[in-house]
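Before any comments, here is the structure.
Rule-based calculations on the coordinates, nothing more; no lab input. Everything numeric here is computed off the predicted structure, so don't read it as measured data. Glycine gets a Cβ as well: all are built from the backbone with ideal geometry, and neighbour counts include every protein chain shown.
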Amino acid sequence: MAIAFWINLAFLLAVVFFVWGLRLLSSPDTARKGNILAAAGMGLAILATLTMPMEGASNNYAWILGGMAVGGAIGWVASRKVAMTAMPQMVSIFNGLGGATAVVLAMVELMNLYNGDSHMEGGQLAISLAALVIGAVTFTGSMLAYLKLDGKVKDKHVTLPYHQALNILMLIATLALTVWVYLQGSGAGTNLALGLMVLSLVYGFSFVAPIGGADMPVVISLLNSFSGLSAAAAGFIYGSQVMIVGGILVGAAGTILTVLMCEAMNRSLLNVLIGGFGGGGSAAAQGDQTVREVSLTDAAIMLYYAQSVVFVPGYGLAVAQAQKVLKEVDDLLSANGVDVKYGIHPVAGRMPGHMNVLLAEADVPYPKLLDLDEANEALKSADVAVIVGANDVVNPSAETDPGSPIYGMPVLRVWEAKNVIVLKRSMNPGYAGIQNPLFFMDNTRMLFGDAKKTLTELATELKNM
Amino acid sequence: MDTVYQFFLENLTEIYLLVFTVILGFEVISKVPTVLHTPLMSGANAISGVVVIGAIILLRLTPSDNYLMLGLGFLAALLGMVNVVGGFAVTDRMLEMFKKRK
């Protein structure tokens, strides 16, 4: 009796640690503590599960600890080696593994049922099937997201004609088969369950296939939410409260981030999933179409004698691995008394908040990182706004041109700064393929070239002043 | 329909737990600032590795001579643990970098 009390107290504490850890994660000062607290909760839950009394258990500790040790070692090494630019890929893989685990667990329970080794209530069968389907979709969807993010698979390689219609048909087929397997009860048989698993795996792959690279922050958030839901469903199978709570918390986190990312792009989730940007045949920017270039020296002078400068980094900065050089420019300017800030759009980077991590890695203190509203306030009084590798998130068409595909998307109003310097490789339009009238504005100057090279040269100029 | 009624009534506590966790989750997480969205996601991701608990329960209950089930359980424990350890460790690595002005 006493042991059951302590075991369950441990599970209760684990749940409290999860919730409290997530709570602490909401402030940069306490976030690290929060993560450690959540990890401690997980350790406690695992320990309690290993030691709790179970009737008729054969324990198999060698198998358990062996699997955990191998998995733990792989996870540890991966977490040390991954580059911060590759975080979206890593999170995608982990999402996928969580989904795969749920698939294996659900499949084992279903096999036991169909072999007559166990008995399941109707509701439990439904939950097992849900864990199987959601887990499978999460697994293949995440793996494809990883391959796309890593540039190993291009959109056009995996997209078929009428892919959206195909996806809708497949979704209906998957749901219909799930219901049918459920209605067969214990007579469905393992082969039918395997068939359902395969169909779900194919659907997961197919549902991510047509989603474009710019929409990846939404997809990763959504898959994160799915991985939580599959964990929660597996929790119902085993009647484990800690799994239910943990899974649902992750589901909630993923859902909130999905909604925030959709809002940041002014698009509905449905639009992201079945839409994708059209060709974007919007009217060309009005006014004169000449761009004005600025020399490195002039740009350096402009920055050096400014009172306040706002950098607007985009994914181009990360691709060029130029975060550290940007920080060097920041240091040189700050040393001269320039007030330097960074304006970060919510969808800058390839996952929610990605750009903040990249800049933190380059030692930029987080109070300098402004979110959308703070940055727009700062831009009103800024002397110079410097755009590095960003495009669509600083496009004035989003506010002025109802015909633009990104009309209504909240953007950083860099044009309200006195001067705008755009660091850009060429005049090619951005990821979404939309022309940007910002480049033709009177207070905009272009500084062409590779972001890292240009920033390095800029730093040299500043040092010589 | 009867099975649905029955499931609902028999799992009433779990369903309450589900509902309140949803509310709690949205309350706690909606306050997280943009700066922390990536660590939040990878930390949450680590928590979803809680499925490893299911793998442990499964393995403990599997007869010691059922090698198919043992193998599948081993796989589940392995995958779940990659998610747990990797997730928490990488989140810690990221949060270590978030510093205030020196």
>> 5 Å is the cut-off here: which amide hydrogens, built 1.01 Å from N in the peptide plane, fall below it relative to A:V340, excluding neighbours closer than 5 in sequence?
In response: A:V309
> Angle, helix A:451-463 long axis vs. longest principal axis of chain A, Cα atoms, 0 to 90°, nearest 10?
Replying inline: 50 degrees
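Could you work out how much longer the chain between A:L12 and A:L65 gets when fully extended? Use 0.36 nm per residue separation minus the Cα distance between them, nm to one decimal. Provide the component values of the computation, followed by the final result.
Details: separation 53, 0.36 × 53 = 19.08 nm, distance 2.33 nm.
Full extension of this stretch gives 16.7 nm more.
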> If you take the beta carbon distance between A:S381 and A:E293 as r and set R0 to 41 Å, what does 1/(1 + (r/R0)^6) give as a FRET efficiency, to the nearest 0.05?
Replying inline: 0.95
> Of A:K418, A:K327, how do they rank once you tally other Cβ atoms within 10 Å and put the fewest first?
Replying inline: A:K418, A:K327
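Helix-derived [θ] at 222 nm for chain B: sum -39500 (n - 2.57) over DSSP H runs of at least 4, divide by residue count, nearest 500? Could you put the intermediate results ahead of the total?
Numbers: 5 runs with 81 residues, N = 102.
Using -39500 (n - 2.57) per qualifying helix, the result is -26500 deg cm²/dmol.
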> For the range A:20-166, what does the alpha-carbon gyration tensor say about shape, rounded, prolate or oblate, given a ≥ b ≥ c as the root eigenvalues, a/c under 1.5 as rounded, and a/b over b/c as prolate?
Replying inline: oblate
> From the phi of every residue in the range A:291-306, what ³J(HN,Hα) in whole Hz does the Karplus formula 6.51 cos²θ - 1.76 cosθ + 1.60 yield, where θ is phi - 60° and glycine or proline is x?
Replying inline: 9, 9, 8, 10, 7, 4, 4, 4, 4, 4, 5, 4, 6, 4, 9, 7
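Using only alpha carbon pairs under 8 Å that are at least six residues apart, calculate the relative contact order of the range A:82-274 and give it in whole percent. Working shown, then result.
Values: 273 pairs, mean separation 53.8, N = 193.
Averaging sequence separation for qualifying contacts and normalising by length gives 28 percent for the range A:82-274.
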> Of A:S225, B:S42, A:S186, how do they rank once you tally other Cβ atoms within 10 Å and put the fewest first?
Replying inline: A:S186, A:S225, B:S42
>> Under 8 Å for C-alpha pairs, at least 6 residues apart: give me the relative contact order for chain B, rounded to a whole percent.
In response: 30 percent
> How big is the gap, in Å, between the Cα center of the range A:373-428 and the Cα center of the range B:14-81?
Replying inline: 41 Å
> Points 7 angstrom from Cα along the Cβ direction at A:D155 and A:K453: gap in nanometres?
Replying inline: 2.8 nm
> Looking at chain B, do any whole DSSP H helices span at least 27 angstrom along their long axis by alpha carbon and average 0.5 or above on Kyte-Doolittle, and which?
Replying inline: B:67-97
> When a footprinting reagent is the concern and you count Cβ atoms within 10 Å, what order do B:F88, A:F94 take, fewest first?
Replying inline: B:F88, A:F94
> For chain A, what is the calculated [θ] at 222 nm in deg cm²/dmol (nearest 500), taking -39500 (n - 2.57) for each run of four or more DSSP H residues and dividing by its residue count?
Replying inline: -20000 deg cm²/dmol
>> How big is the dipole moment of the protein assembly as shown about its Cα centre under a simple scheme where the beta carbon of each Lys and Arg is +1, that of each Asp and Glu is -1, and everything else is neutral? Debye, nearest 20, please.
In response: 1040 debye
>> Helix A:87-114 against the longest principal axis of chain A: what's the angle in degrees, Cα atoms only, rounded to the nearest 10?
In response: 20 degrees
> Per the Cauchy relation, a quarter of the hull surface: what is the mean projected area of the convex hull of the alpha carbons in chain A, in nm²?
Replying inline: 24.5 nm²
> Once phi is turned into ³J(HN,Hα) by the Karplus curve 6.51 cos²θ - 1.76 cosθ + 1.60 with θ = phi - 60°, what whole-Hz value does each residue of the range A:238-246 show in order, with x for glycine and proline?
Replying inline: 9, x, 9, 5, 5, 5, 4, 5, x
> Over the range A:320-465, what is the mean sequence separation of C-alpha contacts under 8 Å (at least six apart), divided by residue count, expressed as relative contact order in percent?
Replying inline: 25 percent
> Between the range A:318-365 and the range A:165-206, how many Å separate their Cα centres?
Replying inline: 46 Å
> Which of rounded, prolate, oblate describes the range A:82-274, given a ≥ b ≥ c as roots of the alpha-carbon gyration tensor eigenvalues and a/c under 1.5 marking rounded, otherwise prolate only if a/b is larger than b/c?
Replying inline: prolate
>> How far apart, in nanometres, would the label points at B:D2 and B:F26 be if each is projected 7 angstrom from Cα along the Cα-to-Cβ direction?
In response: 3.6 nm
> Cα centroids of the range A:219-259 and the range A:62-107: how far apart, whole angstrom?
Replying inline: 16 Å
